[in-house]
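Visitor: Before we start, here is the structure in question, set down as structure tokens.
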Amino acid sequence: MDSIKNIYRIGNGPSSSHTMGPKRAAEMFLEKNAPAARFEVTLYGSLAATGQGHMTDKAILNVLEPVAPTRIVWEPKVFLSFHPNGMLFKAFDAKGTVSDEWTIFSIGGGALANEEYNESMESQVYGMNTIREIQDWCEKTGHSYWEYVEECEGSDIWDYLREVWSTMERAVQNGLEAEGVLPGGLGLRRKASDYLIRAKGFSSSIKSRGMVYAYALAVSEENAGGGQIVTAPTCGSCGVLPAVLYHLRETREFRDSRILRAIATAGLFGNVVRTNASISGAQVGCQGEVGVACAMAAAASSQLFGGTPLQIEYAAEMGLEHHLGLTCDPVCGLVQIPCIERNAFAAARALDANTFANFSDGRHRVSFDKVVEVMKQTGNDLPSLYKETAEGGLAKYM
């Protein structure tokens, strides 16, 4: 597995696979072809089907057009075999001859890959690729998951995770202060500040749950508005982990050092899914985005509450298992309906998974690794209309 830095990418929404990835691809292509007279970029499959809603064209044009005229070609019905999010970049010289071309895929979380190149496999940081292996190491050595992260990544990882946590905090705070209608044409108003105010009017468990909703909405709305967020593991699911961590920090007064360790553990679980299955909604549906985010947040919260490696794994397993089969059906191709609400519900479910797991001794029948395997197969079995193409599910009937 590569670094968890690639699970936690800091950038602007609304989509890691449709915005961050294409922008980075455009930057890489431009670096090789700066003298080009013009560019042409063909978007395929899911990337083309919901690219306009996700502002894929703007992300690419903002990079290439200042250098040379750029044409975007949309091919939503053409799915290349490597991945549903395909892009073909072409550079032309002054005579109109193709001087260079490059086919690349945005595989989720802002990462890029093709048949010869895969960012997720570029640098192998971890020697183990499954939670079972890592769990055995924890039991043998007495260490926890975050300590395995530190051993493999080095102490410098804490500086990066500190920046990740700081960005997450700002996203919550900015989202709580912002009001108005989100861009895209759905007329969807921001709700986070209203939920925060209403939550404060209740007491006990209802107040607690309302605050979690408010924090998740805040980050997800920031993402939908193009604000700065952290993929965890994607833009579309970026509200889950920050909401849980922010809530626990506010209510339980956990020190930042403990929060960072929880983020490391969460990143490890997300990385296992990214390595052995997928975090791309276009490839496996929303189970790979919100489902994985829920698993990450459940693992983080279980660790914060003193969970054993067995209990942490159990919490993460439940977070993912109970999202199996979740479709990716964004209305109008926007990361708004049902994406924003899903983040709020998944944050609450992560806390429930932690509570359930910490009531147990951590032993259970279905392992996290098995659920990852099932999620991958389920994603393969889902028709393409339920995988970020906005052709099925809620997207079709609204």
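Visitor: Residues that are under 26 Å from S280 (Cβ atoms) and touching a Pro at 6+ places or on another chain (Cβ under 6 Å): list the strands (runs of 3 or more DSSP E) wholly contained in region 85-168 that include at least 2 such residues.
Guide: none
Visitor: Still on this structure, I have one more. Quick one: count up the residues across region 1-30 that are open to solvent by less than 10 Å² (accessible area, probe 1.4 Å), at pLDDT 95 or above and outside any helix (DSSP H, G or I).
Guide: Final tally of qualifying residues: 2.
Visitor: Among (1) of a type in the set (A, V, I, L, M); (2) open to solvent by 30 Å² or more (accessible area, probe 1.4 Å); (3) farther than 17 Å from E31 by Cβ, there is one condition V67 misses while meeting the rest; what is its number?
Guide: Result: V67 passes all but (3).
Visitor: Only one of these is of a type in the set (A, V, I, L, M), without any contact (Cβ under 8 Å) to a residue 60 or more places away in the chain and either closer than 27 Å to L385 by Cβ or open to solvent by 20 Å² or more (accessible area, probe 1.4 Å) (or both): V290, V240. Name it.
Guide: Checking each option against the conditions leaves just V290.
Visitor: Moving to a separate point now. Quick one: in region 182-195, which of the residues that are open to solvent by 30 Å² or more (accessible area, probe 1.4 Å) and in contact (Cβ under 8 Å) with a residue 12 or more places away in the chain is farthest from D57 (Cα to Cα)?
Guide: Filtering region 182-195 for residues that are open to solvent by 30 Å² or more (accessible area, probe 1.4 Å) and in contact (Cβ under 8 Å) with a residue 12 or more places away in the chain, the one farthest from D57 (Cα to Cα) comes out as Y195.
Visitor: Can you tell me which residues in region 293-337 are more than 26 Å from P383 (Cα to Cα), open to solvent by less than 20 Å² (accessible area, probe 1.4 Å) and more than 13 Å from the chain's Cα centre (by Cα)?
Guide: Within region 293-337, A298, A299, A300, S301, S302, L304, G307, I312, E313, A315, A316 qualify.
Visitor: Give region 351-398 a look and list any residue that's of a type in the set (A, V, I, L, M), in a helix (DSSP H, G or I), modelled with pLDDT of 95 or more and surrounded by fewer than 19 Cβ atoms within 10 Å (Cβ to Cβ), or say none.
Guide: V374
Visitor: OK, next. What's the total number of residues in region 166-177 that are open to solvent by 10 Å² or more (accessible area, probe 1.4 Å) and either among the polar types (S, T, N, Q) or more than 12 Å from L196 (Cβ to Cβ) (or both)?
Guide: Adding up the residues that qualify gives 5.
Visitor: So, in region 167-181, exactly how many residues are touching a residue at least 24 places away in the same chain (Cβ under 8 Å) and over 20 Å from the mean Cα position of the chain (by Cα)?
Guide: Going through region 167-181 one residue at a time, the tally reaches 2.
Visitor: Sticking with this one: Any residue in region 124-153 that's open to solvent by less than 60 Å² (accessible area, probe 1.4 Å): show its pairings with residues that are part of a helix (DSSP H, G or I) and of a type in the set (F, W, Y) at Cβ separation under 6 Å, as long as the two are six or more apart or on different chains.
Guide: I131/F368; I134/Y148
Visitor: If a residue has to be open to solvent by less than 10 Å² (accessible area, probe 1.4 Å), of a type outside the set (F, W, Y) and either closer than 14 Å to E313 by Cβ or assigned to a helix (DSSP H, G or I) (or both) to count, how many in region 261-285 make the cut?
Guide: Adding up the residues that qualify gives 14.
Visitor: With the condition kept exactly as written, say whether any residue in region 114-122 is open to solvent by 50 Å² or more (accessible area, probe 1.4 Å), of a type outside the set (A, V, I, L, M, F, W, C), in contact (Cβ under 8 Å) with a residue 12 or more places away in the chain and within 30 Å of E341 (Cβ to Cβ).
Guide: Within region 114-122, none of the residues are open to solvent by 50 Å² or more (accessible area, probe 1.4 Å), of a type outside the set (A, V, I, L, M, F, W, C), in contact (Cβ under 8 Å) with a residue 12 or more places away in the chain and within 30 Å of E341 (Cβ to Cβ).
Visitor: Then there's this: State yes or no: is F105 farther than 24 Å from T234 by Cβ and open to solvent by less than 70 Å² (accessible area, probe 1.4 Å)?
Guide: Against the criterion (farther than 24 Å from T234 by Cβ and open to solvent by less than 70 Å² (accessible area, probe 1.4 Å)), F105 does not qualify.
Visitor: A further question follows. Of everything in region 351-386, what is in contact (Cβ under 8 Å) with a residue 60 or more places away in the chain and closer than 15 Å to V331 by Cβ? Give them in sequence order.
Guide: Y386
The values are calculated or read from the model by the stated rules, or taken from the named source; none is laboratory data. Given the structure is predicted, the values throughout are model-derived calculations rather than measurements. Cβ atoms come from the backbone with ideal geometry, glycine included; neighbour counts cover every protein chain shown. Keep in mind that these areas ignore ligands, DNA and RNA; they rest on the heavy atoms of the full protein, side chains included. Shrake-Rupley method; radii C 1.70, N 1.55, O 1.52, S 1.80 Å.
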